[in-house]
1. In the chain, what percent of the accessible surface is made up of carbon and sulfur (1.4 Å probe, ligands and nucleic acids excluded)?
2. Taking amide H atoms as placed 1.01 Å from N in the peptide plane, list the residues 5 or more away in sequence, or in a different chain, whose amide H sits under 5 Å from that of Thr274.
3. When only alpha-carbon atoms count, how far does the chain stretch along each of its three principal axes, as whole angstroms with the largest first?
4. Under 25 °C and 0.890 mPa s, how fast does the range 113-207 diffuse according to Stokes-Einstein, given a Kirkwood radius computed over C-alpha pairs? Answer in µm²/s, whole number.
5. Any idea of Asp47's accessible area? Nearest 10 Å², probe 1.4 Å.
6. How far, in degrees from 0 to 90, does helix 293-302 lean away from the longest principal axis of the Cα atoms of the chain, to the nearest 10?
7. Would you mind getting the accessible area per residue of the range 121-164, heavy atoms of the protein chains only, 1.4 Å probe, in Å²?
8. Could you work out how far helix 5-14 tilts from the main Cα principal axis of the chain, as a 0 to 90 degree angle to the nearest 10?
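The values are calculated or read from the model by the stated rules, or taken from the named source; none is laboratory data. Because the structure is a prediction, the values reported are computed rather than measured. For neighbour counting, all protein chains shown are included, and Cβ atoms are generated from backbone atoms with ideal geometry for every residue, glycine included. Keep in mind that these areas ignore ligands, DNA and RNA; they rest on the heavy atoms of the full protein, side chains included. Shrake-Rupley method; radii C 1.70, N 1.55, O 1.52, S 1.80 Å.
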Amino acid sequence: MTASAAEISRLMSRAGAYACGFCVAEPVCDADIEALNWWVGAGNHADMDWMTRNSDIRRDPRLLLDGAQTLIVSIFNYHAPEVAPQTEHARIASYARVRDYHIVLRERLATVAEAIRARYGGECRICIDSAPLRERYWAQRAGLGYCARNGQLTVPGAGAAFFIATILWTGTVDIYSEPYSGPGCGNCRRCVDACPTGALHGDGTLDCRRCLSYLTIESHSDIPADINPHGNMFGCDTCRLACPHSHNAPATAVTEFRTPHPAALLTPEEWLKTGTSAFRRITSGSPLSRVRLAHLKSVIRRLEIPGKGQTGTPHD
C-alpha cells in the first residue's frame, strides 16, 4: 500500500518535528562519497576511526533495513532561549544542556513508526545519528535545508539548531520531496570568521583537529597546548550563532528541550570535585555522559575562569 505523505507529515508534526520530507531509498551520489573520502583521507576526522568503517552502508541506506524503500527525514528544533543562562567562561553547547536528544527523539519517533506500521504495514528502523547514515545529505535531498559553510544543516530564516532524525521504511509514499534548491550562504563567511580556532575550511567542511566541539567531547587526548578552549567546556556554538539565519530562530515546541538537565547546572568547581560514580549518576540521560570525566576535568582546568579555584561541594 502506498501511504499518504501528508498524513505521515501530520504524524511527524504531532511528534514535535519542525519539518519532514521523503526520499527514495537509493545509493548516495558518487560526488558526496568522493568528498567524504577526500575529507577522511586528509585526516580531518582526527581519531574518529569509526568514520572509516561501514563505508558500504554509508553509501547505501538500504543496507540498514532489508527491503527499505523510503527515508522519512525529519528535523527537530532545540533552540530554547529560556534554558538557564550560563557563564561565558565555562559554556556547555545548547544541545547538551537538556535531556539527551537520542532518548527524546527515539521515544517520539517510536509512536510515529508504530502508527505507520499499523496503518500501512511494513517495517521501520529509526536512525538518530548513531547509524552510518549520511544525515545532512538526506536532509538536503528531502528539501529541509542546506549544508552551510560551517557544515551544519541550516534552515533559511530558522538557523541550524536542529537535530536530524530518520525513519527508514519498507513502504512507499504518494509524493516524494524535491531536493533543497533555495539560496545558500552566498558570499557570507561570518561562521568562518567567527571560529576561534580556524577549524572551518569555508567550503562546508572542517578540520576536527582544531574544532572545539570535537576537542572537548570526542577527542581521546587533551586539547593541544596551542589551542585555547575560549570558554567552551563541552561543545561549541560559535559558528552556529554567528550565522545570520540563527538571529531570529524560532523557539522549540519540544518540552524536553525547554528544561535544563541537572548536569548542565553544575559549576566547573563542582565538576572538578565530582567522582566517577557520581558522574555517571549526574549525567544519566544527558549528552554530557558521552565525555570521559577525566577529559572533562582536563578541559575545565584549561578554562580561563576569573578567580578559578577548586571550591564547591564534592560529589561522590
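1. On the way: 7150 of 14370 Å².
Accessible surface attributable to carbon and sulfur in the chain totals 50 percent.
2. Counting only residues 5 or more places away or on other chains, the set is His315.
3. Here the Cα extents, ordered largest to smallest, are 65, 38, 38 Å.
4. Working: Rh = 15.3 Å.
Here the translational diffusion coefficient equals 160 µm²/s.
5. 40 Å²
6. Between the helix axis and the principal axis of the chain, the angle is about 60 degrees.
7. Details: 1350 Å² over 44 residues.
Per-residue value: 31 Å².
8. 30 degrees
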